[in-house]
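Comments concern the structure below.
The values are calculated or read from the model by the stated rules, or taken from the named source; none is laboratory data. All figures in this text were calculated on a predicted structure; none of them were measured in a lab. Cβ placement follows ideal geometry from the backbone for every residue including glycine, while neighbour counts extend to all protein chains displayed. With ligands, DNA and RNA removed, areas are computed over all heavy atoms of the protein, side chains included. Shrake-Rupley method; radii C 1.70, N 1.55, O 1.52, S 1.80 Å.
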Amino acid sequence: MAPSDSRPRWEQRLIDTTEPWNGWGMSRVRDRIVVRLRERGRPAESVTLPRPLTWDEAHHRDAIRWIERLYRVWNDGSLTLKAALKEISGQSDKTGADHTLTWEQIADALEASRVQQSEKCSADTFRKNWRPFIDHAVKLINTGKVHDGYSLLKTALKNWEGSSTMKVECGRYLGLFMQFAVSRHNAPGTWLISKFDKDELIPKAAKPKLKAVLTDAEMLRLIELADSVNPRWGNVFRLLTQFGLRPIELQHLSSRPHPVNGKPAIWCDYCKVGGEEETEPRFLEAMYVRDANDQPMTWPLEQAMADGTLLLPTGRDGDARKLSGSSVNTYIHRKSRSTGKPSGAVQTYWAELVEQYANQKPSQWLRPYSFRDSYSIRCHREGVPVASICDAMGHSEAVHMRSYRTMTLGMRTRDFAAETGTIPLPR
């Protein structure tokens, strides 16, 4: 080999690993790392570290940790090098195809566990919520820049600088990923991310935004504008308003006779998995809005769906469009390519509402999911029992009280209003 002063630093660090140990050394055979042991009175031994631990800068830190563990397990000759290597191979995160899974394979195994085996979440949810954090972590591990759970989290969080919410999510998903790797695939326990690690590295999450709820008049105005441009989108907003749907449930609706009264009803077969709890399929219940004369009104959406006359948006090919939170959000925020401003009357009105609610004290967050919170508010305003509200919306009372708006300032003021006499204050 070349003189030590001409070697790269990483290579010298690798070679120096065995320097303090009598009889230990290493050599490079092509791109592989061979660890050798020569002790007086004993046969010479050697082992080759498994891939991907090769003689290069990207893997030298992992190789150093491997060799240090090999020395500890060898324990002054209580095991042969081969036996020591075999023992740590079952405990390591990087042992190659001959021993255990790579980090990429562990990530795929976690997806299979969550999506297929335990059905904790959908494939789409895993791809959107889990994958950005896990794939970034795998990339960091494979570059050799991190060596345990703490350093992994500390380095990974830099990718989401400026977003406390994303940092919290990063800690949550990487913590679960590392727990899976250690418990199911024998990764070293040092890869676990503890609560102490998260408390130190992740800033306190920002206070949740107050979700805006639309007034009846605002929802009616939005539907009126949608009808003037594209009545099919008007029907989308009618469904969201009248039944308090999750936007994704728009693609899970069908007509069925109601089992109690025999009238046409809308059945939602969406099964929400993951999150705070699962959702069972259910019949939808219409909650009226009040018109300008304060009269309760509903649209005959159930009958229209039964008759096949409830028209919904189509794609460019003329087929029914797959509706979801993303598609509703895209439509309602659509902007002109030439001006960058809202592209139509619906989008302009929505932008005005977003700004109006954002400027309130306290600020409120308006989004397509607000139709669902608005449904909740109307039910509470009209005195529907909480148990019935929750059953109609497809969640438990605990989730309802924790996650949905149930009160507005106007409702509170109404509840405390009463005709009273006045007791004069002393002069």
Boolean, residue 193 is β-branched (Val, Ile, Thr) and part of a helix (DSSP H, G or I): no
How many residues does the range 136-166 hold that are assigned to a loop (DSSP other than H, G, I, E, B) and in contact with a Ser or Thr (Cβ under 9 Å, 6 or more places away or on another chain)? 4
With (1) surrounded by fewer than 16 Cβ atoms within 10 Å (Cβ to Cβ); (2) under 16 Å from residue 375 (Cβ atoms) as the list, and residue 260 as the residue in question, which single condition is left unmet? (2)
Quick check on residue 411: is it open to solvent by less than 60 Å² (accessible area, probe 1.4 Å) and either in contact with a helix residue (DSSP H, G or I) (Cβ under 8 Å, 6 or more places away or on another chain) or among the hydroxyl-bearing types (Ser, Thr, Tyr) (or both)? yes
Scanning for something within 19 Å of the chain's Cα centre (by Cα) and over 22 Å from residue 58 (Cα atoms), does the range 137-160 turn up at least one residue? yes
Given (1) of a type outside the set (S, T, N, Q); (2) in contact with a Leu (Cβ under 9 Å, 6 or more places away or on another chain); (3) farther than 30 Å from residue 411 by Cβ, number of the condition residue 317 does not satisfy: (2)
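Could you check, for the range 41-62, whether at least one of its residues is more than 44 Å from the chain's Cα centre (by Cα), of a type in the set (Lys, Arg) and at pLDDT below 85?
Checking the range 41-62: at least one residue is more than 44 Å from the chain's Cα centre (by Cα), of a type in the set (Lys, Arg) and at pLDDT below 85.
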Residue within the range 113-121 that is open to solvent by less than 20 Å² (accessible area, probe 1.4 Å), modelled with pLDDT of 80 or more and not in a helix (DSSP H, G or I) present: no
Criterion (open to solvent by 50 Å² or more (accessible area, probe 1.4 Å) and either out of contact with any His (no Cβ under 9 Å at 6 or more places or on another chain) or part of a helix (DSSP H, G or I) (or both)) met by exactly one of 388, 327, 374: 388
Meets criteria (without any contact (Cβ under 8 Å) to a residue 40 or more places away in the chain and open to solvent by less than 20 Å² (accessible area, probe 1.4 Å)) for residue 170: yes
For the range 224-242, does any single residue satisfy the condition of being open to solvent by less than 70 Å² (accessible area, probe 1.4 Å), closer than 28 Å to residue 360 by Cα and of a type in the set (Lys, Arg)? yes
Mind listing whichever residues of the range 217-241 are assigned to a helix (DSSP H, G or I), polar (S, T, N, Q) and under 20 Å from residue 322 (Cα atoms)? 235, 241
Residue satisfying condition, being closer than 17 Å to residue 287 by Cβ, open to solvent by 30 Å² or more (accessible area, probe 1.4 Å) and either free of Cβ contacts under 8 Å to residues at least 40 places away in the same chain or not aliphatic (A, V, I, L, M) (or both), within set 402, 427, 381: 381
Can you give me the number of residues within the range 36-57 that are under 23 Å from residue 141 (Cα atoms) and surrounded by 13 or more Cβ atoms within 10 Å (Cβ to Cβ)? 9
So residue 336 passes all but one of these: (1) farther than 26 Å from residue 124 by Cβ; (2) surrounded by 12 or more Cβ atoms within 10 Å (Cβ to Cβ); (3) modelled with pLDDT under 95. Which condition number does it fail? (2)
For the structure I just gave you, tell me whether residue 408 is within 21 Å of residue 245 (Cα to Cα), among the hydroxyl-bearing types (Ser, Thr, Tyr), over 27 Å from the mean Cα position of the chain (by Cα) and modelled with pLDDT under 90. yes
Near pairs, Cβ below 6 angstrom, 6+ apart or cross-chain, from the range 7-36 (over 14 Å from residue 53 (Cβ atoms)) to any residue that is open to solvent by 60 Å² or more (accessible area, probe 1.4 Å) and in a loop (DSSP other than H, G, I, E, B): 23/38
Among the residues of the range 218-275, the number that are over 26 Å from the mean Cα position of the chain (by Cα) and either at positive phi or among the basic types (Lys, Arg) (or both) is 6
